[in-house]
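J.: Let me begin by handing over the structure; questions about it come next.
The values are calculated or read from the model by the stated rules, or taken from the named source; none is laboratory data. For clarity, every value in this text was computed on a predicted model and none was experimentally measured. Every residue, glycine among them, receives a Cβ derived from its backbone with ideal geometry; neighbour counts consider all protein chains shown. Only protein heavy atoms, including side chains, enter the accessible area calculation; ligands, DNA and RNA are left aside. Shrake-Rupley method; radii C 1.70, N 1.55, O 1.52, S 1.80 Å.
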Amino acid sequence: MSGSYWEPKYEAMPRERLRELQTYRLKNTLVSVYENVPFYKKRLDDCGVNPYKFTNLDDVVMIPFTTKDDLRDNYPFGLFARPMNDIVRIHSSSGTTGNPTVVSYTKNDITMWGNLIARGLYSTGVRSSDIIQNSYGYGLFTGGLGLHYGAELLGATVIPVSGGLTERQLKIMQDYSSTVLCCTPSYALFIAEVGSEQGIDFKNLPLKIGIFGAEPWTEEMRLEIEARLFIDAIDIYGLSEIIGPGVSCECIEKKGLHIAEDHFYTEIIDPATGKNLSVGNQGEIVFTSLTKEAMPLLRYRSRDLSELNDSTCICGRTHARMKKPMGRTDDMLIIRGVNVFPSQIEEVLMKIKEIEPHYLIVVGRENYLDTIELWVEVSEDVFAERINDLEKFESAIESKLYSAVGISIDVKLKEPKTIKRSEGKAKRVVDKRKGEVI
Ligand code: DLL
């Protein structure tokens with residue numbers, strides 16, 4: 001694959017040249033939001049950044065962060081930088097808490113987005129001869145339509161099956177000879193599970209690549225999916241506020257997700273202080289749009305935690321890579337004062353071979369003390385074999401978790417198929433302290 005790019009001019013650009021391009025593009029973006037978005041005009045005036053005189057990329061730190069609350073406060077269209085006549089698409093979040101987050105696209109934005117997806121797919125080895133089963137949800141969620149247009153632009157055959165109806169997914173996969181599967185990693189596991197129950201031998205199917213994202217998943221989960229589906233499982237990342245999927249994507253080397261830095265200026269900050277961290281440190285990722293027309297955002301706090309590596313990849317691409325996001329700042333659980341990420345728990349679980357990759361973390365409070373249970377499934381065989389020493393097995397898992405995470409977690413082994421499967425983004429945590437119910 002080395003030396004083979006979708007957009008060679010940009011993907012392997014020397015980093016000094018990339019910086020010049022970013023500066024030029026950021027200046028244009030600043031002028032656009034200054035002239036078209038009253039919210040940003042005020043912000044830029046207040047912080048003393050003159051868009052017309054912007055020449056030094058380092059000055060970006062003078063601009064205050066944009067947050068999800070800013071999007072909600074300007075609901076629905078207050079941050080649009082183009083008149084509705086130029087807007088060709090709107091996506092939005094489900095809005096289960098408060099106003100949904102609304103995002104928009106011009107024709108050029110849609111083309112740019114398609115290119116990013118095509119770029120990402122190409123870097124994983126997907127070509128125009130491939131048959132892509134797109135099992136991300138179509139609709140207001142950016143996954144379905146986002147992948148769709150990029151895959152078509154690449155010239156591949158797209159099957160727009162959307163999420164759900166797992167038996168139909170498997171029939172399509174076999175009958176239409178899908179070579180690429182796009183969905184969340186948790187849904188990929190569910191597809192693998194139902195397929196195995198039906199006696200499908202994935203080894204002998206043409207499926208070879210999975211493009212999985214929209215939720216955090218560990219390296220251990222990757223190995224599990226690869227072993228079950230006999231594919232290369234690739235990580236794709238994005239957020240609707242910035243464009244949707246394709247903000248970054250792994251190449252076939254699987255050594256970090258290449259950020260499309262010609263379109264998004266990326267910083268890592270300490271989430272507590274807001275101060276910038278240097279390359280190689282873990283913190284919250286902050287994105288600034290460089291080319292988006294309809295709704296550019298300046299220094300948007302993603303709440304996702306990762307770290308950057310700006311060395312050239314083995315594939316030759318020069319764009320910085322972000323480490324697999326380990327979770328969101330707001331996913332972090334504080335249990336009796338200790339910070340715990342669901343991904344830390346997943347990492348431990350996936351290494352235990354008797355366990356199935358389906359789990360739920362249940363957090364509560366009893367007598368003013370936080371409680372944490374981990375419900376996890378074991379396979380049919382293990383359940384039958386170890387029925388008499390399940391408690392011993394639970395304790396063994398508890399002690400592994402204690403050494404890795406530093407708190408006691410009450411493990412409850414569950415019978416096969418008792419934990420709800422996901423067809424989209426998996427819900428891994430039920431926090432009863434917040435009134436959530438199982
Ligand atoms: O999930 C866009 C997407 C669709 C990405 C399909 C990849 C594939 P939102 O619904 O706005 O957009 O959710 C964005 O999902 O801030 C992360 O917390 C999480 N997320 C997305 N991709 C990954 C990933 C889409 N690869 C939020 N790893 C982001 C970890 C991810 N978390």
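J.: Quick one: 3J(HN,Hα) in Hz for the range 194-209, Karplus 6.51/-1.76/1.60 with θ = phi - 60°, rounded, Gly and Pro as x.
T.: Result, rounded to whole Hz: 5, x, 5, 4, 7, x, 6, 9, 4, 4, 9, 8, x, 4, 9, 9.
J.: For a label point 7 angstrom out from the Cα of SER4 toward its Cβ, which stretches of the range 304-343 have the backbone nitrogen within less than 14 Å?
T.: What the label zone holds, given the 14 Å backbone N cut-off, is 315-316.
J.: Could you work out how far apart the two model spin labels at TYR52 and SER399 are, taking each label as a point 7 Å from the Cα in the direction of the beta carbon, and quote it in nm?
T.: Between TYR52 and SER399, the label points sit 7.2 nm apart.
J.: To the nearest 0.05, what FRET efficiency results for ASP59 and ASN281 with a Förster distance of 25 Å applied to their C-beta separation?
T.: Values: r = 21 Å, r/R0 = 0.86.
That pair, ASP59 with ASN281, gives E of 0.70.
J.: Now a separate question. Looking only at TYR359, TYR368, TYR34, which one moves most when the chain is put into a Gaussian network model with springs between Cα atoms under 10 Å?
T.: It is TYR368.
J.: Give the accessible surface of the chain per residue, rounded to a whole number of Å², with probe radius 1.4 Å and ligands, DNA and RNA excluded. Walk me through the numbers on the way to the answer.
T.: On the way: 18950 Å² over 438 residues.
Result: 43 Å² per residue.
J.: Another question about this same structure. Give me the number: length gained by fully extending GLU16 to ILE419, i.e. 0.36 nm times residue separation minus the C-alpha to C-alpha distance, one decimal in nm. Write out the running numbers ahead of the final one.
T.: Details: separation 403, 0.36 × 403 = 145.08 nm, distance 5.01 nm.
Here the answer is 140.1 nm.
J.: How many percent of Cα pairs in the chain exceed 33 Å? Show your work: numbers first, answer last.
T.: Numbers: 35475 of 95703 pairs.
When all Cα pairs of the chain are counted, 37 percent exceed 33 Å.
J.: Sticking with this structure for a sec: Do any of LYS107/LYS324; LYS208/LYS420; LYS203/LYS353; LYS41/LYS323; LYS27/LYS292; LYS203/LYS254 go past 23 Å between their Cα atoms, and which?
T.: Working: LYS107/LYS324 31 Å; LYS208/LYS420 27 Å; LYS203/LYS353 20 Å; LYS41/LYS323 34 Å; LYS27/LYS292 13 Å; LYS203/LYS254 21 Å.
Going by Cα-Cα distance, LYS107/LYS324; LYS208/LYS420; LYS41/LYS323 fall outside the 23 Å limit.
J.: Treating only the Cα positions of the range 333-434 as identical point scatterers, give the base-10 log of I(q)/I(0) from the Debye formula at each q in 0.11, 0.22, 0.24 Å⁻¹.
T.: The Debye formula, applied to the Cα set alone, gives -0.32, -1.24, -1.41.
J.: Let me ask another. Which whole-Hz couplings ³J(HN,Hα) result when phi for each residue of the range 401-412 is put into the Karplus expression 6.51 cos²θ - 1.76 cosθ + 1.60, θ = phi - 60°, listed in order with x for Gly and Pro?
T.: With coefficients 6.51, -1.76 and 1.60, one gets 5, 4, 5, 7, 9, x, 9, 7, 10, 7, 8, 10 Hz.
J.: Could you give the nm distance between label points at THR273 and ASN36, where each point is 7 Å from its Cα heading toward the beta carbon?
T.: About 3.7 nm, to one decimal.
J.: Taking the Cβ-Cβ separation of LYS434 and ASP389 as r and a Förster radius of 41 Å, what is the calculated FRET efficiency to the nearest 0.05? Could you put the intermediate results ahead of the total?
T.: Working: r = 35 Å, r/R0 = 0.86.
It comes to 0.70.
J.: Might you report the magnitude of the Cβ-based charge dipole of the range 1-76 about its Cα centre, with Lys and Arg at +1 and Asp and Glu at -1, to the nearest 20 debye?
T.: Details: 12 positive and 12 negative charges, 26 e Å.
My answer is approximately 120 debye.
J.: In the chain, with Lys and Arg counted as +1 and Asp and Glu as -1 at Cβ, which of these residues, LEU223, MET350, GLY139, has the Cα nearest the positive end of the dipole, that is, farthest along it?
T.: Going by the Cα projections, it comes out as GLY139.
J.: Using a 1.4 Å probe over the heavy atoms of the protein chains, calculate the carbon and sulfur portion of the accessible area of the range 1-329 as a whole percent.
T.: On the way: 6550 of 12780 Å².
Percent of accessible area from carbon and sulfur atoms in the range 1-329: 51.
J.: Here's something else I'd like to know. How large is the charge dipole for the range 333-434, taken about the Cα centre, if only the Cβ atoms of Lys, Arg (+1) and Asp, Glu (-1) carry charge, to the nearest 20 debye? Don't skip to the answer; put the middle values down first.
T.: Values: 18 positive and 19 negative charges, 115 e Å.
Computed charge dipole of the range 333-434: roughly 560 debye.
J.: Could you give the distance between the Cα centres of the range 1-47 and the range 247-288, to the whole Å?
T.: With the range 1-47 and the range 247-288 each reduced to a Cα centre, they are spaced 15 Å.
J.: Between VAL194 and SER311, what FRET efficiency comes out of the Förster formula 1/(1 + (r/R0)^6) with R0 = 41 Å and r the beta carbon distance, rounded to 0.05?
T.: Efficiency at R0 = 41 Å is approximately 0.50.
J.: What aspartates and glutamates could a cross-link reach from LYS68, if we take a straight Cα to Cα line under 16 Å and drop same-chain neighbours fewer than 8 places away?
T.: Partners within reach: GLU241, GLU284, ASP304, ASP330, ASP331.
J.: How big is the dipole moment of the range 1-329 about its Cα centre under a simple scheme where the beta carbon of each Lys and Arg is +1, that of each Asp and Glu is -1, and everything else is neutral? Debye, nearest 20, please. Walk me through the numbers on the way to the answer.
T.: Numbers: 35 positive and 40 negative charges, 109 e Å.
Roughly 520 debye for the range 1-329.
J.: Please compute the modelled spin-label separation between SER379 and ARG328, points set 7 Å along Cα→Cβ, answer in nm with one decimal.
T.: Distance between the two pseudo-spin positions: 3.4 nm.
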